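For reference, the structure discussed in these notes is given below.
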Amino acid sequence: MAFEARYCLSCGQALALQVRDEDGGPKERLRCAACGWTHWNNPTPVLAAVVECSDRGGRVLLARNAAWPGRCFALVTGFMEAGESPEQGIAREVREETALEVQQVSLIGVYDFQRMNQVIVAYHVVARGEVRLSPELAEYRLYALPELRCWRAGTGYALADWLRSRGHEPQFIELPPRPAADS
């Protein structure tokens, strides 16, 4: 669910949609009438990892987030911390969430994920060691490349591109529809 600003972070007054001229012409954004602060609503960068376990025959680790309903397994993801590069950030996320020792990090690509107002920066991470999940993850599975299935959304496209780079044509699955938002 994307963040929806309602109040000014500078003075606390309610925000309202206002149109102003910007570099590209008129743009409607949430703005504060009292102090002029603007909620830009820029996409959030999210790091994602296709984790290849070098000591498990190159199998790929997918994990299920503890907060997710159902049994959907996906790439390890997370946010950068201030002062770290994207490569350092994804290596840290993999270590924090799986306890695996990261050996190598290489960029797969950058993917649009408008539904969540995010930009996915996806990496191939080669790692090894004993998997110990953080409380953020409920369980994991290891997959051989032909067993992997991709979803038609940000990280699924990253997995598909990585599979193609390994000579495997990706197989896609359809995700169940998102539940309607509460009124």
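Read-outs throughout are calculated quantities, based only on the coordinates presented, and are distinct from any laboratory measurement. The model shown is predicted, which means the values in this text are computed figures rather than measured ones. Please note: Cβ atoms are built from the backbone with ideal geometry, for glycine as well, and neighbour counts cover all protein chains shown.
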Using θ = phi - 60° and Karplus 6.51 cos²θ - 1.76 cosθ + 1.60, couplings along the stretch 149-157 (whole Hz; Gly, Pro as x): 10, 9, 10, 8, 7, x, 6, x, 5
For the stretch 1-41, diffusion coefficient by Stokes-Einstein and Kirkwood Rh (Cα), 4 °C, 1.567 mPa s, µm²/s: 123 µm²/s
Sparse-neighbourhood loop sites, trypsin sites (Lys or Arg not before Pro) in the stretch 85-134 - DSSP loop, at most 14 other Cβ within 10 angstrom: R132
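Restricting attention to the stretch 1-56, which GluC sites (Glu not before Pro) occupy a DSSP loop and are surrounded by at most 11 other Cβ atoms within 10 Å?
E4
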Sequence-separation-based contact order of the stretch 23-147, relative, with Cα cut under 8 Å and 6+ spacing, percent: 32 percent
Exposure proxy ranking, count of Cβ atoms within 10 Å, fewest first, for E87, E139: E139, E87
For R31, net neighbour charge (Lys/Arg +1, Asp/Glu -1) across residues whose Cβ lies under 12 Å away: +1
For the stretch 136-145, Karplus couplings with θ = phi - 60° (6.51, -1.76, 1.60), whole Hz, Gly/Pro x: 5, 10, 8, 6, 9, 9, 9, 10, 6, 3
Estimated inter-spin distance, Q13 and A74, nm [label 7 Å along Cα→Cβ]: 3.8 nm
Answer label for Kirkwood radius over Cα pairs in Å (calculated), chosen among (i) 19.9; (ii) 18.4; (iii) 16.0: (ii)
Amide hydrogen neighbours beyond the local backbone of Q13, cut-off 5 Å, H modeled: C8
Residue-averaged [θ]222 nm for the chain, counting only DSSP H segments that reach four residues, each worth -39500 (n - 2.57): -4500 deg cm²/dmol
Positive-end extreme of charge dipole, the chain - chosen from L62, H39, G83 (charges on Cβ): L62
Sites S165 and R29 - FRET efficiency at Förster radius 45 Å, r taken between beta-carbons, to 0.05: 0.70
Angle between the chain longest axis and helix 86-98 axis [Cα atoms, degrees, rounded to 10]: 60 degrees
Simple spin-label estimate for R20 and S134 in nanometres, 7 Å along Cα-Cβ: 3.6 nm
Within the chain: Cβ-based charge dipole about Cα centre, in debye rounded to nearest 20 (Lys, Arg +1; Asp, Glu -1): 360 debye
